[in-house]
Amino acid sequence: MRTETPPTVRLDDYRPSDHLIDRVELDIRLDPHDTRVTARLALRPNPAGRPGAPLILDGDDLRLVAVALDGQPLAPAAFRVAPSALTIPAPPQEPFTLTIETCLDPTANTRLMGLYRSNGVYCTQCEADGFRRITYFLDRPDVMSVYTTRIEAQGRETPVLLGNGNPVEAGPVEGSDRHYAVWHDPHPKPAYLFALVGGRLDRVAKSFTTMEGRAVELAVYVEPGKAARADYALAAVERSMLWDEQVFGRAYDLDVFNVVAVSDFNMGAMENKGLNIFNDKYVLASPETATDADYAAIEAIIAHEYFHNWSGNRVTCRDWFQLCLKEGLTVFRDQEFSSDMRSRDVHRIGEVRTLRARQFPEDAGPLAHPVRPTQYAEINNFYTATVYEKGAEIVRMLRTLIGEADFRAGMDRYFSDNDGTAATVEDFLRAFEAVTGRDLSRFAAWYERPGTPRVAVSGTYDAIAKTYRLAFRQTRPGAGADAPPLVIPIRLGLVGAEGPMQGPASARVSRGVFVLEAAEDSLTFENVEAEPVPSLFRGFSAPVRVDIALDDAARLTLLRCDEDGFNRWEAAQRVALRIMTAAIRGEAEGGPGAEALAAALGRFLDAEALRDPAFAALVLSLPSEGDLADEIGAEIDPDAIFRARLDLRRSLGAHLGERLHALRAAVEEPAGTPFSPDATSAGRRALRNAALDLIAAADPEAGTRLARAQIAAATNMTDRLAGLATLALLPGEIREAELAAFAERYADEPLVLDKWFAIQAAIPEAGTVERVRRLQSHPAFAMTNPNRVRSLLGSFGLANPTQFNRVDGAGYALVAETVLTLDRTNPQVAARLMTAFGSWRRLEGGRRDAAEAALRRIRATAGLSRDVADIVGRSLDG
Ligand code: TRP
Ligand code: ZN
């Protein structure tokens with residue numbers, strides 16, 4: 001449905017459904033163009049609803065074939081039907097059965113919501129409101145039903161038939177070339193967790209026995225011929241199940257757990273009960289095709305979707321405003337899992353980088369919204385970094401505040417009190433209040449208030465009294481002076497020239513945490529023998545910006561001596577940021593600062609690079625262009641940012657040159673070492689490639705030589721792609737030849753060509769707009785495939801600040817055109833692409849005007865989807 005002014009849904013308007021559906025029996029006869037769905041719904045009035053209310057079932061683009069009540073065809077006067085609703089004005093006041101037959105065309109479904117075909121495979125995507133594209137239903141998460149699904153299809157084209165829950169029976173359909181399978185899911189669930197799959201698929205499987213002794217068959221299904229690439233995902237499922245038992249005491253609750261990879265998918269993956277459906281990018285992995293980052297993402301997303309079985313499925317959301325209840329919590333759980341599987345400090349740094357790259361800008365721009373929004377026009381636009389990543393940070397802060405033991409007790413309480421129900425954020429917090437006896441009502445403000453808080457800190461040392469006082473002041477952008485302060489856990493400590501100071505203490509600090517609850521507060525450490533350097537927000541204990549006047553020398557002390565890995569990394573980042581912002585602001589004081597940073601990094605590398613290469617690689621990676629834009633905050637000039645960053649990379653590369661070459665040799669795997677995606681091996685590759693980046697910045701000739709040699713010798717995609725990414729920044733024939741060779745080598749590998757599209761779309765040169773336009777007609781590119789669109793246009797809009805923000809507006813025009821074209825077939829992905837414009841107000845004047853003009857042209861286009869209309873409207877008015 002296309003509409004110009006979308007109606008707004010408000011949290012305050014929530015009321016329970018007037019009807020409930022206890023059981024759903026579906027009979028789905030799959031056909032490429034004429035799929036028939038018969039739904040038998042066991043309905044009854046909801047005691048908590050309005051007595052005598054009409055029954056209004058949601059629909060989206062549906063065609064009704066027949067409808068019967070308790071087996072009798074409904075008289076035409078007894079109902080009204082439209083593609084968007086089936087209404088029975090006077091339904092029975094006691095339980096009744098409604099049988100509805102609808103038909104749909106999965107092949108024509110380009111939105112990839114509801115039932116569609118991906119490379120010939122039938123699959124579904126129902127969150128948030130796609131089930132209503134399959135049958136008329138009460139498509140809201142607080143209506144939970146037990147589903148039995150019979151799936152029927154042609155046997156040869158569609159040999160595999162999968163549904164939610166457990167397999168019940170299967171067999172041929174007599175007298176035809178068709179067959180069927182029946183699945184039953186005993187756990188009541190909302191419609192958004194419904195799924196089915198039908199197709200020709202290969203399978204890898206493994207059995208698992210839960211801590212409760214239940215035997216579970218784990219299986220991953222992929223395109224024929226790709227089974228070998230599914231082994232890593234299957235092993236990740238097994239690790240996830242074991243971890244959730246060990247760390248959260250949560251066991252799996254069905255006889256089978258299936259994961260299916262499909263190539264056309266709007267997002268990353270989906271946690272349908274017992275039948276997770278994945279974007280194949282987050283399942284398929286082989287050394288030749290997947291980078292270390294891909295392996296890590298597969299492990300994390302497999303875990304994320306599996307963890308939803310408890311945080312999302314067993315306990316679901318009352319309404320979509322509570323989305324963070326499942327997403328923020330599940331991101332927190334997958335972060336903890338990955339930290340346990342890999343290196344905790346390294347993973348935490350990655351989490352914070354993501355938060356700052358995606359959530360901070362969102363929170364500072366026109367699309368800012370609370371972690372629990374209070375209204376929406378299109379719910380699909382609220383699957384955001386704020387709901388997911390900031391949502392996870394709130395759970396993390398809660399754990400920091402109450403401690404690990406109480407946190408686990410509160411989680412147990414949350415699961416047991418709310419099992420089988422559709423819950424709210426209040427229910428979540430109530431569980432922790434129950435086990436701790438604390439009042440969390442003020443903490444709850446984190447869910448309500450948009451914007452990234454700032455905490456200003458000043459430290460004063462009294463050499464005579466031997467005390468050190470830290471004074472804190474919190475503010476929130478856009479908040480009035482009378483806005484109630486947030487509860488901010490600050491993990492902290494003091495550091496001296498030799499390392500962490502153990503003696504000093506303050507009564508206000510317990511378990512290493514000071515809680516800032518007032519607008520202003522301070523604390524004093526006693527017995528401080530020498531002026532310390534404060535190490536604040538250790539482990540990034542709250543999602544805030546910190547203002548503190550620490551000079552480079554103090555920060556470099558933290559890099560050298562802090563016990564907190566996150567703050568060591570952060571210290572080097574802050575120094576680099578200061579040097580680059582000074583250069584951008586024309587305070588050309590960069591020289592000595594850069595030398596001091598290089599010297600400190602040199603000492604750091606000598607002492608530690610080989611002990612923890614993954615961490616060293618992060619320390620060597622400068623803040624991104626986005627980090628710099630975020631730091632500058634207004635009148636942003638992406639070209640100036642790019643130059644400042646290039647200058648510092650050059651300068652560090654020049655100072656550290658010898659060391660970087662030596663390090664590359666020291667961490668190189670001996671020839672013939674078999675590839676392993678484990679975190680330690682990946683860390684060595686990361687360090688080699690971080691070194692390569694700096695070498696190439698300072699010495700393009702050496703960079704070209706090394707990158708080419710690395711590509712020629714590469715035994716895995718990480719090294720090959722890093723070589724190509726280095727060349728991407730070095731214009732010339734060699735680059736073009738290597739790009740061409742890469743395309744030829746992987747001509748039949750769409751997921752690898754995505755990397756090739758992405759690298760080229762991110763080239764920071766004036767020719768890139770033209771290059772991207774050319775690539776749009778490359779045979780491997782397809783507007784119908786979200787991965788292709790994100791790789792080419794998403795990378796251009798989000799990973800190429802200088803060219804997307806071209807002064808002449810050509811970058812904006814390219815993305816705007818694509819959005820408008822895509823909006824006709826897949827509004828959800830078109831709306832995502834639009835978020836590239838999310839920071840337009842913070843740009844310098846000329847670019848700001850050009851971006852605004854592009855946004856206004858989009859807004860003026862007739863027939864925009866609700867998805868794009870919502871984003872463009874909020875971008876301009878927000
Ligand atoms: N719930 C999914 C997750 O795990 C994401 C999701 C929401 C999604 N809506 C979707 C995936 C639509 C694909 C398409 O985060
Ligand atoms: Zn999720």
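The values are calculated or read from the model by the stated rules, or taken from the named source; none is laboratory data. Given the structure is predicted, the values throughout are model-derived calculations rather than measurements. Note that we place each Cβ from the backbone using ideal geometry, even for glycine, and neighbour counts take in every protein chain shown.
The table below lists the values:
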read-out: Yes/no for VAL222 being within 16 Å of ligand 2 (Cβ to nearest atom), modelled with pLDDT of 95 or more, of a type outside the set (Asp, Glu) and in contact with a strand residue (DSSP E or B) (Cβ under 8 Å, 6 or more places away or on another chain); value: no
read-out: Which listed residue, of SER338, SER240, SER286, SER311, is away from ligand 2 (no atom under 16 Å from the Cβ) and of a type in the set (S, T, N, Q); value: SER286
read-out: The lone exception for ALA479 - which of (1) free of Cβ contacts under 8 Å to residues at least 60 places away in the same chain; (2) buried (at least 17 other Cβ atoms within 10 Å of the Cβ) it fails; value: (2)
read-out: Among the candidates GLY653, GLY657, residue that is at pLDDT below 95 and within 17 Å of ALA596 (Cα to Cα); value: GLY657
read-out: Of all residues in the range 488-506 being farther than 26 Å from TRP446 by Cβ and out of contact with any helix residue (DSSP H, G or I) (no Cβ under 8 Å at 6 or more places or on another chain), the one that is modelled with the highest pLDDT; value: LEU494
read-out: From the options ASP417, ASP439, ASP427, residue that is away from ligand 1 (no atom under 16 Å from the Cβ), surrounded by fewer than 17 Cβ atoms within 10 Å (Cβ to Cβ), of a type outside the set (Phe, Trp, Tyr) and touching a residue at least 12 places away in the same chain (Cβ under 8 Å); value: ASP417
read-out: Flag if TYR383 is modelled with pLDDT of 95 or more, under 28 Å from ASP253 (Cβ atoms), surrounded by fewer than 21 Cβ atoms within 10 Å (Cβ to Cβ) and within 14 Å of ligand 2 (Cβ to nearest atom); value: yes
read-out: Pick from the range 93-121, criterion touching a residue at least 40 places away in the same chain (Cβ under 8 Å) and within 15 Å of ligand 1 (Cβ to nearest atom), ranking: surrounded by the fewest Cβ atoms within 10 Å (Cβ to Cβ); value: THR110
read-out: Total residues in the range 459-487, condition over 11 Å from LEU536 (Cβ atoms) and either polar (S, T, N, Q) or modelled with pLDDT of 95 or more (or both); value: 17
read-out: Test: residue in the range 349-370 that is under 22 Å from LEU798 (Cβ atoms), touching a strand residue (DSSP E or B) at 6+ places or on another chain (Cβ under 6 Å), within 16 Å of ligand 2 (Cβ to nearest atom) and of a type outside the set (Lys, Arg); value: no
read-out: Unique residue being in contact with a strand residue (DSSP E or B) (Cβ under 7 Å, 6 or more places away or on another chain), part of a loop (DSSP other than H, G, I, E, B) and either surrounded by 24 or more Cβ atoms within 10 Å (Cβ to Cβ) or outside the structural domain of ILE21 (by TED's automatic domain parsing) (or both) when the list is THR124, THR135; value: THR135
read-out: Some residue of the range 183-202 being surrounded by fewer than 23 Cβ atoms within 10 Å (Cβ to Cβ), in contact with a helix residue (DSSP H, G or I) (Cβ under 9 Å, 6 or more places away or on another chain) and over 24 Å from GLY312 (Cβ atoms); value: yes
read-out: Selection count, the range 173-207, where residues are touching a strand residue (DSSP E or B) at 6+ places or on another chain (Cβ under 8 Å) and either modelled with pLDDT under 95 or of a type in the set (S, T, N, Q) (or both); value: 1
read-out: Failed criterion for ARG538 (all others in (1) without any contact (Cβ under 8 Å) to a residue 12 or more places away in the chain; (2) part of a loop (DSSP other than H, G, I, E, B); (3) touching a Lys or Arg at 6+ places or on another chain (Cβ under 6 Å) hold); value: (1)
read-out: Sole residue being closer than 29 Å to PRO750 by Cα and within 16 Å of ligand 2 (Cβ to nearest atom), chosen from ALA261, ALA297; value: ALA297
read-out: Helices (runs of 4 or more DSSP H) within the range 253-356 that include 2 or more residues within 12 Å of ligand 1 (Cβ to nearest atom); value: 292-307, 323-341
read-out: Filter pass, GLY410 being farther than 27 Å from LEU559 by Cα, within 16 Å of ligand 2 (Cβ to nearest atom) and not charged (D, E, K, R); value: no
read-out: Failed criterion for ALA782 (all others in (1) surrounded by 24 or more Cβ atoms within 10 Å (Cβ to Cβ); (2) of a type in the set (A, V, I, L, M, F, W, C); (3) over 23 Å from the mean Cα position of the chain (by Cα) hold); value: (1)
read-out: Selection from the range 145-175 of residues that are surrounded by fewer than 17 Cβ atoms within 10 Å (Cβ to Cβ) and in a loop (DSSP other than H, G, I, E, B); value: GLY155, ARG156, GLU157, PRO159, VAL173, GLU174, GLY175
read-out: The range 802-817, residues that are assigned to a helix (DSSP H, G or I) and under 20 Å from PRO764 (Cα atoms); value: THR802, GLN803, PHE804, ALA810, GLY811, TYR812, ALA813, LEU814, VAL815, ALA816
read-out: Selected residue (only one of GLU744, GLU736, GLU765, GLU701 is outside any helix (DSSP H, G or I) and among the acidic types (Asp, Glu)); value: GLU765
read-out: Any hit, the range 228-247, residues being more than 16 Å from ligand 1 (Cβ to nearest atom), closer than 30 Å to ASP142 by Cβ and of a type in the set (D, E, K, R); value: yes
read-out: Residues being hydrophobic (A, V, I, L, M, F, W, C) and more than 24 Å from ALA368 (Cβ to Cβ) - total across the range 797-839; value: 6
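Matching residues to (1) within 16 Å of ligand 2 (Cβ to nearest atom); (2) modelled with pLDDT of 95 or more; (3) closer than 23 Å to TYR221 by Cα:
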{"position": "THR97", "(1), (2), (3)": "no, yes, no"}
{"position": "ILE100", "(1), (2), (3)": "no, yes, no"}
{"position": "LEU112", "(1), (2), (3)": "no, yes, yes"}
{"position": "TYR116", "(1), (2), (3)": "no, yes, yes"}
{"position": "GLN125", "(1), (2), (3)": "yes, yes, yes"}
{"position": "PHE137", "(1), (2), (3)": "no, yes, no"}
{"position": "ALA153", "(1), (2), (3)": "no, yes, yes"}
{"position": "THR158", "(1), (2), (3)": "no, yes, yes"}
